[in-house]
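Notes for the one structure printed next.
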Amino acid sequence: EDQVTQSPEALRLQEGESSSLNCSYTVSGLRGLFWYRQDPGKGPEFLFTLYSAGEEKEKERLKATLTKKESFLHITAPKPEDSATYLCAVQGPGDYKLSFGAGTTVTVRA
Amino acid sequence: DSGVTQTPKHLITATGQRVTLRCSPRSGDLSVYWYQQSLDQGLQFLIQYYNGEERAKGNILERFSAQQFPDLHSELNLSSLELGDSALYFCASSVRGGTGSYNEQFFGPGTRLTVL
């Protein structure tokens, strides 16, 4: 069964203080690794898809990277509006469902 | 706005009752997925439909069922409700069944179900 572990559970940052979130996964043949952002009471918002080790994707202050065992979401010079829960999910071979980690809740203080 | 719509936003009901949650996928998307999010379990996959047919099942209870209609909207039916069914229920859609470069699933705003 696909397993996804995210760390840390919570992260408190000062505005401008860069940091990284970790997503470790176990899946027999990764089809894709996905990052989502979720605000309280809202649906997850798609951020990135990564398909193979070494791949990187960027969007504004966010950069996602992928290795064979984990993915990192780097937040550069965060702003208060980056406060949210960041979810990582994997999709295995022949598998359409997403298996999600528990998420990392990021709080950015002004 | 992802383009996925869900109704109702909130639903409060009693134990033993039955409810129906509705989802309209993004225009052009053929796949619909249902997920349950509770505080202790996180986001859990329930079931997927592709172009009207059931494609994959997760840990969906026998009391729960779903269908996708010819216009591609989907309904999730929850019956004999228990207190533990209280959760956020999300619908997501994708262009295909999940293959190729169109893997991305886009989520709706969710339905918050409270069972009293």
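The values are calculated or read from the model by the stated rules, or taken from the named source; none is laboratory data. Since this is a predicted model, take the numbers as computed values, not measurements. Virtual Cβ from ideal backbone geometry, glycine too; neighbours counted across all protein chains shown.
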Of all residues in region A:53-75, count the ones that are surrounded by fewer than 20 Cβ atoms within 10 Å (Cβ to Cβ), within 12 Å of the chain's Cα centre (by Cα) and of a type in the set (A, V, I, L, M, F, W, C). 2
Give all pairs with beta carbons closer than 6 Å in which a residue from region B:47-66 that is among the aromatic types (F, W, Y) meets a residue that is part of a loop (DSSP other than H, G, I, E, B); count only pairs at least 6 apart in sequence or on separate chains. B:Y50/B:L30; B:Y50/B:G97
Only one of B:F106, B:F90, B:F45 is in contact with a Leu (Cβ under 7 Å, 6 or more places away or on another chain) and not polar (S, T, N, Q); which? B:F45
Scan the strands (runs of 3 or more DSSP E) fully inside region A:1-51 and keep the ones with 3 or more residues being under 11 Å from A:C88 (Cβ atoms) and among the charged types (D, E, K, R). none
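Conditions tested, residue by residue: (1) touching a Ser or Thr at 6+ places or on another chain (Cβ under 6 Å); (2) within 14 Å of another protein chain (Cβ to nearest Cβ).
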site: A:Q6; (1), (2): yes, yes
site: A:S24; (1), (2): yes, no
site: A:R37; (1), (2): no, yes
site: A:Y51; (1), (2): no, yes
site: A:E56; (1), (2): yes, no
site: A:K59; (1), (2): no, yes
site: A:P80; (1), (2): no, no
Exactly one of A:P78, A:P40 is buried (at least 20 other Cβ atoms within 10 Å of the Cβ), out of contact with any Phe, Trp or Tyr (no Cβ under 8 Å at 6 or more places or on another chain) and within 18 Å of A:A10 (Cβ to Cβ), and that residue is A:P78
Looking at region B:61-76, can you tell me whether even one residue there is more than 9 Å from chain A (Cβ to nearest Cβ), surrounded by fewer than 14 Cβ atoms within 10 Å (Cβ to Cβ) and of a type in the set (K, R)? yes
Return only the number of the condition from (1) under 23 Å from A:R37 (Cβ atoms); (2) more than 9 Å from chain A (Cβ to nearest Cβ); (3) at pLDDT below 95 that B:Q105 does not satisfy. (2)
When region B:36-46 is examined, which residues are found to be crowded, with 18+ Cβ neighbours inside 10 Å, free of Cβ contacts under 8 Å to residues at least 60 places away in the same chain and within 21 Å of B:Q17 (Cα to Cα)? B:Q36, B:L46
